[in-house]
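All remarks here apply to the structure that follows.
The values are calculated or read from the model by the stated rules, or taken from the named source; none is laboratory data. Values in this document were obtained by computation on a predicted structure and should not be read as measured data. Glycine gets a Cβ as well: all are built from the backbone with ideal geometry, and neighbour counts include every protein chain shown.
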């Protein structure tokens, strides 16, 4: 179903010079092994459907960026314990539960190029296995024994759900404002990035003296802004991004009639027949051959793509600045790499 | 849609002599006002759909037995604080979230005689508002600040979801054993009753010396067995119970093809054409005029109803015994009343 948009390779930014996640992966690798083991052991259940559904979702990939952030944000202070591994697994379970519930809410058929769990086991299993993972996430947090970490993550849990409900009420509405949209992605995406980062210094503070609100606030802000940049880049990529990601499937948001920032900007800047086009394909859901290509062209013509990317760059810059007061470390460099990588996917 | 089965009034147990919840209601009343206020304030959200859905569900009634148990199990030790009110509201939110998700899983049209939330706002809102309530529940637990209470309730949360998944795999299977079925209701119903009770002495122990594992174990056991009795009585009532509850709508489980204990017993004790009847109406879901009446008659003929009730009485007796070691108090008497009331609904 994906449409491949052939574009010229961007010559000023060759593949060799691109930001990579190499340092992120190398630094977080050893502890991520622990996270993966933890994830597998906590999805074990006598009820065989639970490990099956969980394995399906876990095997289907994703970079596990959120748990990696938790690990880096604890280890950057020299943390040597094991609590951050459990919190990282909790964060990934919260994320996975959200994906399972999202598929039911969005009535998605596919997830990361594989059939969505709900297509294989039904909506029922997706709802309930999501609930199970959420329960397991909270149990792991309890085991770590930090009330502050529980506070941060339980708040995020309620905010994520609130954001998803808000998204329902703005869905398929082409008059959604940029502010409305930012409020949605702040809640549904960035809040978990932020919490994933903030629990790093919290758990590190269990054994290391001198960590406090300054470290928490810095990483909370870093995570929030990285999350916003990440989501905006994803939105841009779905309309083809720029020259990179040749061959990436695009148009999922268009087909699911999602009102993301590229569309919001393109719609607001158009009139007459163009507005009518968007209302037909997004609001009425009447999509025909060639509509996706036209949508992509309109988003580009109206600077919807370029400005979405510039918004993402703005939040990326704020994320970078947020780390300023933290001591130098390999992990801090890796966090900076993560921002560059995120933005680089699309510029 | 309900079928009213006219039965003779049971003469040995007249209405005047029946167990009541009067003492339960009188004792828990003042603190329940606090719980209700808490519930309303915690379902407030700028996202208007959230208070709407929550209000719909809260207004639709139910006795709020679970939060009442939490209050009584804290106040029986002389607890004077406010933490039990927050935990009671948490318990009710967990229960409400389960109902919202259950309606989606069961594809129910009605809930307590009103249209299910999913019929009014869609499956999407039911999934997400359930998630929101769960997040709020954990936030309230964090505010109470007891890691033990968080441990008990987060374990219950995962067990409930696991029980619901297990129920999916046993659904519409007439060969489900009594043991399989007990495992399901232990997880999906009794675990929350048990947790609701156990957090009472935990929160009371924040300010009162000398409470420990003995009190927790007693009330954990009381709650677990009361929960089992409660569910089995519900199952029996759905096939008409005995003489009482004249006019109560029955047959919901039959129509939804749920394999509850009355059916499990009736099926196992039948053969030939009778077994074929159950396989047709439950497994194949082919139900016609007169089938519900025949199902009720078969359940009665095979002692499925009488024996479900005697199982419930067994668990009720265990619940009563579990309280033995606890000091005398009005609240303890009220807990005994709750068992009697539960059993009395059906005998």
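Does residue A:35 qualify as being modelled with pLDDT under 85 and more than 29 Å from residue A:238 (Cα to Cα)? Against the criterion (modelled with pLDDT under 85 and more than 29 Å from residue A:238 (Cα to Cα)), residue A:35 does not qualify. When restricted to residues that are closer than 18 Å to residue B:253 by Cα and either in contact with a strand residue (DSSP E or B) (Cβ under 8 Å, 6 or more places away or on another chain) or free of Cβ contacts under 8 Å to residues at least 60 places away in the same chain (or both), the range B:304-326 contains 2. The single condition among (1) closer than 14 Å to residue B:130 by Cα; (2) surrounded by fewer than 23 Cβ atoms within 10 Å (Cβ to Cβ); (3) facing another protein chain (nearest Cβ under 7 Å) that residue A:128 does not meet is (2).
Looking across the range B:137-151, the residues that are under 16 Å from residue A:140 (Cα atoms), surrounded by 24 or more Cβ atoms within 10 Å (Cβ to Cβ) and more than 7 Å from every other protein chain (Cβ to nearest Cβ) come down to B:141, B:149.
Selection of the range B:217-252 for residues being modelled with pLDDT under 90 and either surrounded by 22 or more Cβ atoms within 10 Å (Cβ to Cβ) or within 22 Å of residue B:287 (Cα to Cα) (or both) yields B:240, B:241, B:248, B:249, B:250, B:251, B:252. Inside the range A:284-302, residues that are crowded, with 16+ Cβ neighbours inside 10 Å and either assigned to a helix (DSSP H, G or I) or without any contact (Cβ under 8 Å) to a residue 24 or more places away in the chain (or both) make up a count of 7.
Considering the range A:329-347, and only residues there that are in a loop (DSSP other than H, G, I, E, B) and within 17 Å of the chain's Cα centre (by Cα), the residue that is surrounded by the fewest Cβ atoms within 10 Å (Cβ to Cβ) turns out to be A:345.
State which residue is surrounded by the most Cβ atoms within 10 Å (Cβ to Cβ) when the search covers only the range B:24-67 and only residues that are touching a strand residue (DSSP E or B) at 6+ places or on another chain (Cβ under 9 Å) and outside any helix (DSSP H, G or I). By that ranking, first place goes to B:60.
Test residue B:97 against the criterion of being under 22 Å from the mean Cα position of the chain (by Cα) and either within 13 Å of chain A (Cβ to nearest Cβ) or touching a residue at least 24 places away in the same chain (Cβ under 8 Å) (or both), and give yes or no. Criteria met by residue B:97. When residue A:159 is tested against (1) at the interface with chain B (Cβ under 7 Å from one of its Cβ atoms); (2) surrounded by fewer than 23 Cβ atoms within 10 Å (Cβ to Cβ); (3) within 17 Å of residue A:220 (Cα to Cα), only condition (1) is not met. Within the range A:303-328, restricting attention to residues that are on the phi < 0 side of the Ramachandran plot and not in a helix (DSSP H, G or I), the residue that is modelled with the lowest pLDDT is A:325. May I ask you to verify whether residue A:210 is over 14 Å from the mean Cα position of the chain (by Cα), farther than 28 Å from residue A:267 by Cβ and at the interface with chain B (Cβ under 10 Å from one of its Cβ atoms)? Considered against the rule, which asks whether it is over 14 Å from the mean Cα position of the chain (by Cα), farther than 28 Å from residue A:267 by Cβ and at the interface with chain B (Cβ under 10 Å from one of its Cβ atoms), residue A:210 comes out as no. The condition of being within 7 Å of chain B (Cβ to nearest Cβ), more than 24 Å from residue A:79 (Cβ to Cβ) and under 18 Å from the mean Cα position of the chain (by Cα) holds for only one of A:182, A:134, that being A:134.
Here the helices (runs of 4 or more DSSP H) wholly within the range A:145-257 that include at least 3 residues being closer than 22 Å to residue B:51 by Cα, in contact (Cβ under 8 Å) with a residue 12 or more places away in the chain and in contact with a helix residue (DSSP H, G or I) (Cβ under 8 Å, 6 or more places away or on another chain) are A:147-170, A:178-185.
Among the residues of the range B:103-122, those identified as buried (at least 21 other Cβ atoms within 10 Å of the Cβ) and either facing another protein chain (nearest Cβ under 9 Å) or touching a strand residue (DSSP E or B) at 6+ places or on another chain (Cβ under 8 Å) (or both) are B:103, B:104, B:105, B:116, B:117.
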